[in-house]
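Participant: Please read through the structure below; I'll follow up with questions.
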Amino acid sequence: MTTADTSRDADLTVVALREMLGPDRVETDPDLLRSLSVDRYKKYAAVHGVYEGPFPVALARPVSVEQVSRVLAWATEHGVPVLPRTGGTATEGGLEVVVPDTVILDCSGLDEIVSIDPVDMTATAQCGVPLARLEDAAREHGLTTGHSPQSQPVAQMGGLVATRSIGQLSTLYGGIEDMVAGLEAVFPDGHVARIKAVPRRAAGPDPRHLVIGNEGALCVVTEVTVKLFAHRPETRRYAGWLVADFADGAAGLREVMAQGYRPSVARLYSPEDAAQHSWFTDLVAGPDGKPVRNLVVMATEGPERVSAATMAGIEEIFSGEVFEAVEDGVVRDWFENLNWGPEKLEAEKQAMLDRPHVGFTTEVAIGWSGVAELYESVVRRVREEFDRAEDLTMLGAHSSHSYPDGTNLYFVYDYDVNVEPREELTAYHLPLNAIVVEEALRLGGSMTHHHGIGKYRTPWTEREHGSAYALLRTLKETFDPAGIMNPGTIFPLDGA
């Protein structure tokens, strides 16, 4: 994929940005720019102060859609690469700078909640509105967005849409793509496209899906209208079951979905993955204290009679002799402590400084017929082929988002780091990530369920899409012919 011409003088870029946005909206502090050169994908190296560049030339903070439009049109004209961001919670390298003299376009200053309509049950918010703030505003009307990713305390609306986010209650409320009724986006030539919010329409291909999930590689999301739902936390029910065989747990999940039940939470944890949650450690342990049992957790909510009936149906499915019920209060306590915010991020950083140890994940999607084989083949390959397997302290997986035709598998692995911080990714995460992705694709699944492609899964983008990749390339070449938008994300750089 062609990339932007980065030969323009960096000082001229800063001057031009300050003319467009004002001097106080453009930052060039070297330490700040260094920290913005990566996202959480390089968390271990970053926490140890290792930033190898390239570094952005400036951080631009527009406060209006008009300013976003001016910056993008100017950048296209002059071949200046632009990397859009809002909350900054990406985990796949999508916010990593890989082209010199990139401008970071931080749109978190567009932070107005435009409206909450309790009759049409929609909320409209600019891209920089934190999801937690929108959720609080919706609850004042007895409503909820239904969107609850673990990053909810810090994530912002634009990034959630741009990365095709999903939340912990997705089995009931859907992913962000199911919630977006309308949106506004700015394209590289400065064109502002407004897609009106309506319940549904059959007016040709849906332009929302040119924007949702584009990861800043096609446009910048500046405003979004999402559906709202009645908020009924008082009707939430919890349940859990232990099961010896991961395949039996997956079969139980499948039956729930096949029978048409819509729990808000439907998860299956392997023994190792379950044991890392302190609420479950003793539950899944065998006589010697090592984790040996898988764990299914469920939650329901909605109108009281619907929630009660849904849980009753689920309990019937898990009443077989291979399942052992656990106390529902344990599941409730676990769920209420899942989210992470600034304090947990700081604790994670301190832990990596105190001990050369890190945890990572790779999530994929697969049809029900391939779930057990995918889980078993990944674990087997890691144990047999990963040349630093002795450094692994945990290897497991869980399913957290299910559908009638399949589910996701979220592989989780922790390891002691016995290399220099700058070598951690190439020694550990990249080869482990590759095994998971390769096995998912081999079995006909998707290489990513909700974290996106970023910059580190681009080697498999064409294989993921097959003959449909030509459509993606055409979109990029049409909307971003200068190649300025988040170079290296989704679309591999030339020669990569």
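The values are calculated or read from the model by the stated rules, or taken from the named source; none is laboratory data. This is a predicted model, so every value here is computed, not measured. A quick note on method: Cβ atoms are made from the backbone with ideal geometry, for glycine too, and the neighbour counts reach across all protein chains shown. In case anyone asks, the SASA skips ligands and DNA or RNA and just uses the protein heavy atoms, side chains included. Shrake-Rupley method; radii C 1.70, N 1.55, O 1.52, S 1.80 Å.
Participant: If I filter the stretch 119-126 for residues that are surrounded by 24 or more Cβ atoms within 10 Å (Cβ to Cβ), in contact with a strand residue (DSSP E or B) (Cβ under 7 Å, 6 or more places away or on another chain) and closer than 20 Å to Tyr173 by Cβ, do I get at least one hit?
Facilitator: Checked the stretch 119-126: at least one residue is surrounded by 24 or more Cβ atoms within 10 Å (Cβ to Cβ), in contact with a strand residue (DSSP E or B) (Cβ under 7 Å, 6 or more places away or on another chain) and closer than 20 Å to Tyr173 by Cβ.
Participant: For the stretch 100-144, which positions are under 17 Å from Val65 (Cα atoms) and part of a loop (DSSP other than H, G, I, E, B)?
Facilitator: Answer for the stretch 100-144, where residues must be under 17 Å from Val65 (Cα atoms) and part of a loop (DSSP other than H, G, I, E, B): Cys107, Ser108, Gly109, Leu110, Asp111, Glu112, Cys127, Gly128, Val129.
Participant: Report the residue count in the stretch 362-418 for those that are in a strand (DSSP E or B), closer than 12 Å to His429 by Cα and open to solvent by less than 40 Å² (accessible area, probe 1.4 Å).
Facilitator: Residues flagged as in a strand (DSSP E or B), closer than 12 Å to His429 by Cα and open to solvent by less than 40 Å² (accessible area, probe 1.4 Å) within the stretch 362-418 amount to 7.
Participant: Quick check: is even one residue across the stretch 39-47 over 24 Å from His451 (Cα atoms) and outside any helix (DSSP H, G or I)?
Facilitator: No - not one qualifying residue is present in the stretch 39-47.
Participant: While we're on this one: With the condition kept exactly as written, say whether any residue in the stretch 451-467 is in a helix (DSSP H, G or I) and in contact with a strand residue (DSSP E or B) (Cβ under 8 Å, 6 or more places away or on another chain).
Facilitator: The answer is yes, given that some residue of the stretch 451-467 is in a helix (DSSP H, G or I) and in contact with a strand residue (DSSP E or B) (Cβ under 8 Å, 6 or more places away or on another chain).
Participant: Can you name every one of the helices (runs of 4 or more DSSP H) wholly within the stretch 187-295 that holds 2 or more residues which are out of contact with any strand residue (DSSP E or B) (no Cβ under 7 Å at 6 or more places or on another chain), of a type outside the set (D, E, K, R) and touching a residue at least 40 places away in the same chain (Cβ under 8 Å)?
Facilitator: 246-258
Participant: For the stretch 149-178, how many residues are under 21 Å from Ile490 (Cβ atoms) and charged (D, E, K, R)?
Facilitator: 2
Rundown of residues vs (1) open to solvent by 20 Å² or more (accessible area, probe 1.4 Å); (2) on the phi > 0 side of the Ramachandran plot; (3) among the polar types (S, T, N, Q), yes/no style:
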site	(1), (2), (3)
Val15	yes, no, no
Glu19	yes, no, no
Val71	no, no, no
Trp74	yes, no, no
Gly93	no, yes, no
